[in-house]
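S.K.: My questions will all concern the structure given below.
Derivation of every value follows stated rules applied to the coordinates shown; laboratory data play no part. From a predicted model like this one, the values you see are computed outputs, not experimental measurements. Reconstructed Cβ throughout: ideal geometry from the backbone, glycine too, with neighbour counts over all protein chains shown.
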């Protein structure tokens, strides 16, 4: 399974970005291979539809779950249409690494 985490940077030590559609990067963690890659979010500079664009980006990367602090209505609708589970993180001060560790067995 692949999990996307909205991130403020391109390192597992960076904080989770509480914005989904306008985060700087997505950390894509594969629970099977234990690998993590970072993808720059092109939606960060979009005038509109950043949430939908970000949702399509994570869907294109075969993500099953997304962890972020806040999802806008367009992002929610698009993620639901792809069958991607949204997890609203309560502690937005956690690092990407801390969030990933919650999904390790």
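S.K.: Which option, (i) -0.91, -1.57; (ii) -0.98, -1.19; (iii) -0.82, -1.36, is the value of log10 I(q)/I(0) by the Debye sum over Cα atoms at q = 0.19, 0.24 Å⁻¹ that was calculated from these coordinates?
M.R.: Label of the calculated value: (iii).
S.K.: Antiparallel versus total DSSP beta bridges in the chain: what percent is that, nearest 5? It would help to have the intermediate numbers written out before the result.
M.R.: Numbers: 13 of 21 bridges.
Percentage antiparallel, nearest 5: 60.
S.K.: On a 0 to 90° scale, report how tilted helix 50-60 is relative to the longest principal axis of the chain, with both axes built from alpha carbons and the result rounded to the nearest 10.
M.R.: Tilt of helix 50-60: around 50 degrees.
S.K.: Still on this model: Could you order the peptides 12-19, 91-98 from most to least packed, using the average number of other C-beta atoms within 10 Å per residue?
M.R.: Details: 12-19: 18.5, 91-98: 16.0.
Order by mean packing, descending: 12-19, 91-98.
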